[in-house]
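First the structure, which I've put down as structure tokens, then a few questions once you've had a look.
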Amino acid sequence: MTLTYVPPNEFLTPRLRLRPSAMSDAEAIFNAYATDPHVTRYLSWRPHKAVQDTRAFLALCDRARAEGTDFAYVIEDRDKGLTLGMVEVRVQDHAVEYAYVLRRDHWGQGIMTEALSALADNALAHPAIWRVYALCDAENPASAKVMMKVGMIYEGVRRRHAIYPNLSVEPRDGLVYAKVC
């Protein structure tokens with residue numbers, strides 16, 4: 001029998017609720033961070049110009065969840081219900097990769113560390129998962145710091161790893177951080 005990791009539908013931490021993204025999140029995401037060039041600077045997509053861009057992204061998230069490979073979670077403040085960001089969980093055989101975004105007015109408050117810790121701990125507790133990891137642009141020390149706080153160890157540079165259209169039309173180097181069991 002082959003074990004397959006499927007993350008839970010919801011995660012609760014002391015301050016946060018992580019739940020599957022839904023089309024009804026489009027306006028909150030659009031207004032919270034999707035239009036902010038500072039937030040999207042190190043991401044693989046440009047700031048959204050219209051809420052329809054956000055809806056198209058959420059439709060991709062819905063399809064990936066249905067296929068069982070990528071699971072997008074909205075990060076909410078548990079007390080206020082405020083949309084803070086998202087984390088994408090990409091299941092790859094024995095490993096899980098994370099990609100994340102957080103609204104700028106909540107940077108530096110440990111929000112992403114709290115969210116990513118809950119996700120990584122859950123994945124590594126599953127018998128089919130041996131590795132969790134994430135990457136960031138080589139010039140994004142804030143993201144690298146989040147991964148280190150989660151307990152991920154720097155593994156190296158993926159040369160010409162990804163195109164970040166808000167920075168360059170050419171692929172940029174990415175830093176790889178991982179936690180294994």
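The values are calculated or read from the model by the stated rules, or taken from the named source; none is laboratory data. These figures come from a predicted structure and were not determined experimentally. Positions of Cβ are backbone-derived with ideal geometry, glycine not excepted, and every protein chain shown enters the neighbour counts.
Let me confirm something: among Tyr133, Tyr98, which residue is within 15 Å of the chain's Cα centre (by Cα), surrounded by 21 or more Cβ atoms within 10 Å (Cβ to Cβ) and touching a residue at least 12 places away in the same chain (Cβ under 8 Å)?
Residue meeting the stated conditions: Tyr98.
Right, next: Within region 70-78, identify whether any single residue is under 21 Å from Ala26 (Cα atoms), surrounded by fewer than 22 Cβ atoms within 10 Å (Cβ to Cβ), of a type in the set (Ser, Thr, Tyr) and at pLDDT 95 or above, and answer yes or no.
no
Still on this structure, please answer the following. Go through the residues of region 160-174 one by one and say whether even a single one is within 19 Å of Asp70 (Cα to Cα), in contact (Cβ under 8 Å) with a residue 24 or more places away in the chain and aliphatic (A, V, I, L, M).
Looking through region 160-174, at least one residue is within 19 Å of Asp70 (Cα to Cα), in contact (Cβ under 8 Å) with a residue 24 or more places away in the chain and aliphatic (A, V, I, L, M).
Counting only residues that are without any contact (Cβ under 8 Å) to a residue 60 or more places away in the chain and under 27 Å from Ala138 (Cβ atoms), how many does region 30-52 have?
Total meeting the criteria: 3.
Out of everything in region 1-27 that is more than 16 Å from Ala66 (Cβ to Cβ) and small (Gly, Ala, Ser), what residue ends up being farthest from the chain's Cα centre (by Cα)?
Among residues in region 1-27 that are more than 16 Å from Ala66 (Cβ to Cβ) and small (Gly, Ala, Ser), the one farthest from the chain's Cα centre (by Cα) is Ser24.
If you don't mind, there's one more thing I want to ask. Given the conditions (1) more than 18 Å from Tyr42 (Cβ to Cβ); (2) at pLDDT 95 or above, which single one is not true for Glu67?
With (1) more than 18 Å from Tyr42 (Cβ to Cβ); (2) at pLDDT 95 or above applied to Glu67, the lone miss is (2).
Let's see how each residue does on (1) assigned to a strand (DSSP E or B); (2) over 22 Å from Asn166 (Cα atoms); (3) in contact with a Phe, Trp or Tyr (Cβ under 7 Å, 6 or more places away or on another chain):
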{"residue": "Asp25", "(1), (2), (3)": "no, yes, no"}
{"residue": "Ala32", "(1), (2), (3)": "no, no, no"}
{"residue": "Asp36", "(1), (2), (3)": "no, no, no"}
{"residue": "Val39", "(1), (2), (3)": "no, no, yes"}
{"residue": "His48", "(1), (2), (3)": "no, no, yes"}
{"residue": "Val74", "(1), (2), (3)": "yes, yes, no"}
{"residue": "Lys80", "(1), (2), (3)": "no, yes, no"}
{"residue": "Val89", "(1), (2), (3)": "yes, yes, yes"}
{"residue": "Ala99", "(1), (2), (3)": "yes, no, no"}
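Go through the residues of region 152-163 one by one and say whether even a single one is in a loop (DSSP other than H, G, I, E, B) and touching a Lys or Arg at 6+ places or on another chain (Cβ under 6 Å).
Yes, that holds for at least one residue.
Additional query: Could you pull out the residue among Arg55, Arg65, Arg19 that is touching a Pro at 6+ places or on another chain (Cβ under 9 Å) and either more than 26 Å from Val132 (Cα to Cα) or touching a residue at least 12 places away in the same chain (Cβ under 8 Å) (or both)?
Arg65 is the lone residue from the list that is touching a Pro at 6+ places or on another chain (Cβ under 9 Å) and either more than 26 Å from Val132 (Cα to Cα) or touching a residue at least 12 places away in the same chain (Cβ under 8 Å) (or both).
State all residues of region 149-158 that are within 26 Å of His106 (Cα to Cα), hydrophobic (A, V, I, L, M, F, W, C) and either without any contact (Cβ under 8 Å) to a residue 12 or more places away in the chain or surrounded by 13 or more Cβ atoms within 10 Å (Cβ to Cβ) (or both); if no residue qualifies, say none.
Residues satisfying the conditions are Val150, Met152.
Looking at His161 and the list (1) surrounded by 15 or more Cβ atoms within 10 Å (Cβ to Cβ); (2) at pLDDT 95 or above; (3) closer than 30 Å to Ala26 by Cα; (4) touching a strand residue (DSSP E or B) at 6+ places or on another chain (Cβ under 9 Å), which single condition is not satisfied?
Every condition holds for His161 apart from (2).
Take region 1-23 and flag every residue that is in contact with a Phe, Trp or Tyr (Cβ under 9 Å, 6 or more places away or on another chain), aliphatic (A, V, I, L, M) and part of a loop (DSSP other than H, G, I, E, B).
Val6
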